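Visitor: The structure is given below, and queries will be raised subsequently.
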Amino acid sequence: MKSIDQQQAPTSEADVAADRVRIFDTTLRDGEQAPGFSMDRRAKLRMALALEALGVDVLEAGFPQASPDDFGAVAEIAKALRHTTVCGLARCQNGDIDSAARALEAARHSRIHLFISTSPLHREHKLGMSKAQVFDAAIASIERARHLCDEVEFSAEDATRTEPEFLAEIFSAAVAAGATTLNAPDTVGYNTPGEMADFFAYLRRHVQGADKVIFSSHCHDDLGMAVANTLASISAGVRQVECTINGIGERAGNASLEEIVMALKVRAPYFGIDTRIDTRRLYGTSKLLTELTGQPVQRNKAIVGANAFAHESGIHQHGMLKHRGTYEIMRPQDVGIAETTLVLGKHSGRAALRQRLQTLGHTPADAALDEIFARFKVLADRGRELHDEDLHALARGEDPDATGPWRIVQLHSSSHLGSASASVKLAHEHGHEVSEAAIGDGPVDAVLRAIERATGTALELTRFQVDAMSEGGDAHGHAQLRARHASREWRGDGVSTDIVEATALAALSIVNRIERQTPVAIKHPQGVTA
Ligand code: KIV
Ligand code: ZN
């Protein structure tokens with residue numbers, strides 16, 4: 001634990017005045033505590049390193065007193081991070097404070113985040129405490145914590161439903177006791193942006209010592225206003241915002257980090273204030289969270305959703321091809337997405353089709369393009385999104401929906417203590433059958449290897465994703481694979497109640513496409529030509 005003279009000086013006025021919004025990331029605390037988003041220690045550490053690289057100012061790593069695992073994760077993160085302030089949550093209780101201090105011992109910059117409910121509803125029904133008791137517990141805790149870490153943040157939980165005079169009173173005493181950040185959460189996502197701005201303007205006027213501390217906003221999304229409320233708080237002088245990647249968090253979530261940061265950047269002339277975030281890392285960080293929690297974001301999620309920089313309608317695609325500013329207010333590269341995608345589907349037009357075919361190396365004359373476009377529309381009208389391999393097939397006069405030549409006759413997989421094996425029996429439309437087995441790092445890896453051996457087609461897996469198509473134990477899994485073969489990327493999908501079978505179907509759909517589009521003699525592993 002740090003002694004008094006080891007502590008950093010309280011936040012200086014110059015620092016308070018610096019016109020920058022501090023990003024306090026709580027993905028690993030408020031985000032991780034939401035159902036479906038739990039992460040083990042290794043995952044938390046990976047996420048913490050990615051958040052430091054992203055440039056967050058403060059990272060709330062967990063609630064050390066909540067469990068030995070949370071304690072361990074906070075301690076590991078505290079040791080690993082170099083520049084970011086590492087923060088541990090604590091109730092206004094000695095045990096919590098001491099445990100947060102111990103977990104943060106190795107941190108280069110440490111912060112204890114103390115919280116207690118201040119609203120009448122919480123005081124009466126949750127805590128069974130009077131105003132005076134809440135006040136005393138808060139101040140005694142701040143005084144204890146400030147000797148044990150570099151900075152103390154004090155949060156008045158359910159602040160937006162607290163009597164404003166009481167809030168100003170407890171915040172004024174918190175400043176005098178040594179808190180350097182005052183967080184006023186909209187815990188239940190109840191306020192509107194206008195109210196949020198008035199609320200912080202009131203606090204800045206009525207809290208004694210307001211000019212010596214940083215005000216912080218922590219908004220939940222119960223009415224879908226967390227980001228708007230956070231931005232309104234910034235306009236009212238707040239200089240720290242608490243948020244999470246992908247907006248994960250309790251109930252409907254917290255304010256989404258990527259949305260706040262990009263709003264400040266894209267609307268810089270309006271807000272006139274920025275963050276230290278390296279926005280080109282936003283997409284990668286969002287993807288990492290999805291990978292670690294297994295929870296994808298919805299397609300239409302702002303900034304990081306699959307549709308955020310995708311256009312399908314012919315009118316929009318035409319506009320985009322003329323000038324990207326017609327339908328995009330930011331460049332995908334600014335958030336770490338390689339390119340805008342012009343999705344080719346039933347709403348797309350000839351201009352986008354011609355452009356995509358050209359990128360793929362096909363330059364059909366007008367009459368040929370008409371014919372390809374007509375066949376393209378028939379497929380797209382079936383509700384199908386067309387990918388590059390479909391377009392290659394169309395340009396060559398083939399049917400992208402053709403199946404075969406291979407089909408699965410039998411499939412078996414097993415795994416035991418980290419080793420897995422799979423065997424497949426495949427039938428070829430030319431009449432022969434091939435059986436092969438393989439071992440792998442897991443059942444999915446093993447089945448892929450067995451299919452490669454049986455068909456003689458090497459696949460270098462570049463992406464693998466399985467999504468449940470419905471809820472429950474008998475839900476269908478949708479496996480989507482991307483793999484490289486002969487310098488091209490191919491996609492395939494498969495659906496089954498069994499994940500290994502869905503993967504096998506996806507892999508085989510790729511192999512079948514490759515064989516249909518590769519004008520070579522059909523081979524099998526023994527080198528016998530069919
Ligand atoms: O929503 C909330 O009030 C919180 C506090 C612990 C800051 O998460
Ligand atoms: Zn919260």
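The values are calculated or read from the model by the stated rules, or taken from the named source; none is laboratory data. Fair warning: this is a prediction, and the values are worked out from it, not measured in the lab. Reconstructed Cβ throughout: ideal geometry from the backbone, glycine too, with neighbour counts over all protein chains shown. SASA here: full protein model, heavy atoms, side chains in, ligands and nucleic acids out. Shrake-Rupley method; radii C 1.70, N 1.55, O 1.52, S 1.80 Å.
Visitor: Considering segment 191-202 alone, what residues qualify as being assigned to a helix (DSSP H, G or I) and open to solvent by 10 Å² or more (accessible area, probe 1.4 Å)? Please lay out each step first, then the result.
Guide: Here is the first cut: in segment 191-202, the ones assigned to a helix (DSSP H, G or I) are 193-202.
Correct list: P193, G194, E195, A197, D198, F199, A201, Y202.
Visitor: Among the numbered criteria (1) open to solvent by 40 Å² or more (accessible area, probe 1.4 Å); (2) more than 16 Å from ligand 1 (Cβ to nearest atom); (3) modelled with pLDDT of 95 or more; (4) closer than 18 Å to G31 by Cα, which single criterion is violated by P269?
Guide: Unmet for P269, out of (1) open to solvent by 40 Å² or more (accessible area, probe 1.4 Å); (2) more than 16 Å from ligand 1 (Cβ to nearest atom); (3) modelled with pLDDT of 95 or more; (4) closer than 18 Å to G31 by Cα: (4).
Visitor: Six or more apart or on different chains, Cβ atoms under 7 Å: show the pairs whose first residue is in segment 174-201 and in the same structural domain as I139 (by TED's automatic domain parsing) and whose second is of a type in the set (K, R) and within 15 Å of ligand 2 (Cβ to nearest atom).
Guide: Y190/R161
Visitor: Out of segment 219-232, which residues are closer than 17 Å to D198 by Cβ and within 14 Å of ligand 1 (Cβ to nearest atom)?
Guide: C219, N229, T230
Visitor: For segment 203-217, which positions are open to solvent by 20 Å² or more (accessible area, probe 1.4 Å) and either charged (D, E, K, R) or within 11 Å of G237 (Cα to Cα) (or both)?
Guide: Result: R204, R205, D211, K212.
Visitor: Scan segment 53-66 for residues that are open to solvent by 10 Å² or more (accessible area, probe 1.4 Å) and either assigned to a strand (DSSP E or B) or free of Cβ contacts under 8 Å to residues at least 40 places away in the same chain (or both) and jot them down. Steps first, answer last, please.
Guide: Keep residues of segment 53-66 that are open to solvent by 10 Å² or more (accessible area, probe 1.4 Å), which gives 53, 55, 57, 63, 65-66.
Once the filter is applied, which keeps residues that are open to solvent by 10 Å² or more (accessible area, probe 1.4 Å) and either assigned to a strand (DSSP E or B) or free of Cβ contacts under 8 Å to residues at least 40 places away in the same chain (or both), segment 53-66 yields F63, Q65, A66.
Visitor: If you don't mind, another one. Among V188, V297, which is farther than 30 Å from A173 by Cβ and open to solvent by 10 Å² or more (accessible area, probe 1.4 Å)?
Guide: Values: V188 fails: farther than 30 Å from A173 by Cβ.
Result: V297 is the single residue among V188, V297 that is farther than 30 Å from A173 by Cβ and open to solvent by 10 Å² or more (accessible area, probe 1.4 Å).
Visitor: Can you tell me which residue among E258, E242, E153, E250 is under 25 Å from T285 (Cα atoms), within 16 Å of ligand 1 (Cβ to nearest atom) and open to solvent by less than 10 Å² (accessible area, probe 1.4 Å)?
Guide: On the way: E258 fails: within 16 Å of ligand 1 (Cβ to nearest atom); E153 fails: under 25 Å from T285 (Cα atoms); E250 fails: open to solvent by less than 10 Å² (accessible area, probe 1.4 Å).
Within the list E258, E242, E153, E250, the selection yields E242.
Visitor: Shifting gears a bit: Please go through segment 232-247 and pick out each residue that is among the hydrophobic types (A, V, I, L, M, F, W, C) and closer than 14 Å to F24 by Cα. So that I can check it myself, show each step before the final result.
Guide: Looking only at segment 232-247, we keep the residues that are among the hydrophobic types (A, V, I, L, M, F, W, C), and these are 232, 234, 236, 238, 241, 243, 245.
Within segment 232-247, I234, V238, V241, C243, I245 qualify.
Let's see how each residue does on (1) open to solvent by less than 20 Å² (accessible area, probe 1.4 Å); (2) in a strand (DSSP E or B); (3) more than 16 Å from ligand 2 (Cβ to nearest atom); (4) free of Cβ contacts under 8 Å to residues at least 40 places away in the same chain:
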| site | (1), (2), (3), (4) |
| --- | --- |
| H83 | no, no, yes, yes |
| D96 | yes, no, yes, yes |
| E105 | no, no, yes, no |
| I112 | yes, yes, yes, no |
| E124 | no, no, yes, yes |
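Visitor: Cβ-Cβ distance below 9 Å, separation of 6 or more or different chains: which pairs start in segment 264-285 with a residue that is acidic (D, E) and end on one that is part of a helix (DSSP H, G or I)?
Guide: From segment 264-285, the pairs are D274/V261; D274/L264; D274/K265; D274/A268; D278/A53; D278/L54.
Visitor: Follow-up question, since we're still on this one. In segment 437-466, what count of residues is obtained for those that are under 21 Å from K287 (Cβ atoms) and in contact with a Gly (Cβ under 7 Å, 6 or more places away or on another chain)?
Guide: 1
Visitor: Any residue that is touching a Phe, Trp or Tyr at 6+ places or on another chain (Cβ under 8 Å) and over 18 Å from V227 (Cα atoms) - is there at least one of those in segment 309-317?
Guide: yes
Visitor: Further question: Could you tell me which of the residues A34, A50 is in a loop (DSSP other than H, G, I, E, B) and either touching a residue at least 24 places away in the same chain (Cβ under 8 Å) or away from ligand 1 (no atom under 16 Å from the Cβ) (or both)? Working first, answer last.
Guide: Working: A50 fails: in a loop (DSSP other than H, G, I, E, B).
The unique qualifying residue is A34.
Visitor: Right, next: Determine if segment 158-172 includes at least one residue that is within 14 Å of ligand 1 (Cβ to nearest atom), of a type outside the set (A, V, I, L, M, F, W, C) and under 25 Å from S99 (Cβ atoms).
Guide: Checking segment 158-172: at least one residue is within 14 Å of ligand 1 (Cβ to nearest atom), of a type outside the set (A, V, I, L, M, F, W, C) and under 25 Å from S99 (Cβ atoms).
Visitor: Determine whether A73 is surrounded by 24 or more Cβ atoms within 10 Å (Cβ to Cβ), closer than 15 Å to E151 by Cα, touching a helix residue (DSSP H, G or I) at 6+ places or on another chain (Cβ under 7 Å) and of a type outside the set (D, E). Explain how you work it out, then say what you get.
Guide: On the way: surrounded by 24 or more Cβ atoms within 10 Å (Cβ to Cβ): yes; closer than 15 Å to E151 by Cα: no; touching a helix residue (DSSP H, G or I) at 6+ places or on another chain (Cβ under 7 Å): yes; of a type outside the set (D, E): yes.
The answer is no for A73.
Visitor: Looking for whichever is assigned by TED's automatic domain parsing to the domain that holds T503 and modelled with pLDDT of 90 or more here; the options are Q410, Q333, Q358. Which one fits?
Guide: From the options Q410, Q333, Q358, the qualifying one is Q410.
Visitor: Determine, yes or no, whether A138 is part of a helix (DSSP H, G or I), at negative phi and within 14 Å of ligand 1 (Cβ to nearest atom). Break it down into steps so the answer makes sense when it comes.
Guide: Working: part of a helix (DSSP H, G or I): yes; at negative phi: yes; within 14 Å of ligand 1 (Cβ to nearest atom): yes.
Yes.
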